[in-house]
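One structure is given below, encoded as structure tokens.
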Amino acid sequence: MKFVRFCILLWRNPDGRRSYYVFNVYNQKYLSLSSTFLNLLLENNALDFIASLQCCYALTFSFSVTDMEEAQVTGDTFAEFATYEDFLNSQITAMDLYYLEDEELARQLVELGYRGSGEVLKREEFETRKQLAEASRLSKRSQKKTLASAGKDLGDFPFLQALAEREEANKTGKMTSIIFIRDKNAKSQEISGYIDYAHRLKTEDFEPYFSGKKRLLPKPSDLSFYNWETQNSTSNATPNYQVIADNASGLLFKNKRDRKIVNVDPRASRPGDNSSRIPVDSCGQYVQVVIYDHITRRKT
């Protein structure tokens, strides 16, 4: 592991003007911030000249080249700084400003990599990383906002709370829930039906439901629908389920991914493999609500 050591010197010329230079002790190279002072060094025996200088300020420091190369500035760090100058300022110490008496010079030293403990970045690279960090932040925020239930207070609505708990799993395909609802429509007609929750999430905006602006009810386009007054009955396959209506044991739904059967007969001892039946107390909002959760098996 190679360590590089630098010495930063401030020199006051006879006329009172200040000059600065950086001396790399490792390779004995000079990086001057004053061309006049650099020429003066080159015209003399550099090492002897350094020893004879009456400097007002001398700061030496060293760092591991390997550590510096491995140093990374995280996206969160970039978000802290509004400008490149703010990023450079964060690596300047009070002692630097006290002796250098020049904030712009201190920034130059950080930018060149001769001061500061962070990663050396040029302005263009800083701007690029900041843009990437901002894009990542917005992407994460967008992912969080994709859940229609996000940020909703559903404590007083057990049914909506149950839907919120299953929203992400149904969106990602880890679960395909079937919702049975029995209630009255806008015409006060009693209706009931089975809803493919995952399919509805993909084809409909659920934000109004979670906000209480709309009530979730079965439609003729759902897995199963029945109007008890008009005796209108429909059944439809969805991307997740096939409807098996002509069965002696009653209505069945076959999951298209793992081919497992979900038996929604309330008299059945269990709804099927990887499935569970959960009655939901809707606190009077619906006549009856039952959720059938089916955990999908994914091929690995």
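If you rank 277, 270, 107 by how much accessible surface each has, with a 1.4 Å probe, what is the order from largest down?
Details: 277 90, 270 140, 107 35 Å².
Descending accessible area places them as 270, 277, 107.
Count the net charge of all other residues whose Cβ sits under 11 Å from the Cβ of residue 275, scoring Lys and Arg as +1 and Asp and Glu as -1.
Values: positive: 260, 270, 277; negative: 258, 273, 293.
Here the charged neighbours net out to 0.
Give me the accessible area per residue for segment 216-278, probe 1.4 Å, as a whole number in Å².
Heavy-atom SASA per residue in segment 216-278 reads 58 Å².
May I ask for the Kirkwood hydrodynamic radius of segment 155-253, worked out over all distinct Cα pairs and given in angstroms to one decimal? Walk me through the numbers before you get to the answer.
Values: mean 1/r = 0.0697 Å⁻¹.
Across segment 155-253, the inverse of the average 1/r is 14.3 Å.
Protein chains only, probe 1.4 Å: how do 194, 98, 292, 226 rank by accessible area, largest first? Write out the running numbers ahead of the final one.
Details: 194 35, 98 155, 292 10, 226 65 Å².
Greatest to least solvent exposure: 98, 226, 194, 292.
Within the set 214/254; 130/174; 152/256; 174/219; 171/214, which residue pairs have Cα atoms separated by over 27 Å? All intermediate terms of the calculation are to be shown ahead of the outcome.
On the way: 214/254 29 Å; 130/174 35 Å; 152/256 32 Å; 174/219 25 Å; 171/214 20 Å.
In this structure, 214/254; 130/174; 152/256 lie more than 27 Å apart at Cα.
Just reorder 126, 157 by solvent-accessible area, largest first, 1.4 Å probe, all chains present. Please report the intermediate quantities before stating the final value.
Details: 126 0, 157 80 Å².
Largest accessible area first, the residues go 157, 126.
Accessible area of segment 210-254 with a 1.4 Å probe: how many percent of it is carbon plus sulfur? Display every interim value, and only then the final one.
Values: 1230 of 2580 Å².
Whole-percent figure for carbon plus sulfur exposure: 48.
For residue 219, what accessible area in Å² do you get when you roll a 1.4 Å probe over the heavy atoms of the protein chains, rounding to the nearest 10?
80
Would you mind computing the Rg to Rh ratio of segment 210-300 from its alpha-carbon coordinates, Kirkwood style for Rh? Spell out each step's value before the answer.
On the way: Rg = 14.6 Å, Rh = 14.9 Å.
So for segment 210-300, dividing Rg by the Kirkwood Rh gives 0.98.
Quick check: net charge around residue 155, other residues with Cβ under 14 Å of its Cβ, Lys/Arg +1 and Asp/Glu -1? Please report the intermediate quantities before stating the final value.
On the way: positive: 152; negative: 153, 156, 165, 281.
Around residue 155, the surrounding residues sum to -3.
Please report the relative contact order for segment 175-300, taking Cα pairs under 8 Å with a sequence separation of at least 6, and give it as a percent rounded to a whole number. All intermediate terms of the calculation are to be shown ahead of the outcome.
Details: 247 pairs, mean separation 31.8, N = 126.
Taking the mean separation of contacting Cα pairs over the length of segment 175-300, I get 25 percent.
The values are calculated or read from the model by the stated rules, or taken from the named source; none is laboratory data. This is a predicted model, so every value here is computed, not measured. Here Cβ is always computed from backbone atoms with ideal geometry, including for glycine, and neighbour counts include all displayed protein chains. These accessible areas exclude ligands, DNA and RNA; they are computed on the full protein's heavy atoms, side chains included. Shrake-Rupley method; radii C 1.70, N 1.55, O 1.52, S 1.80 Å.
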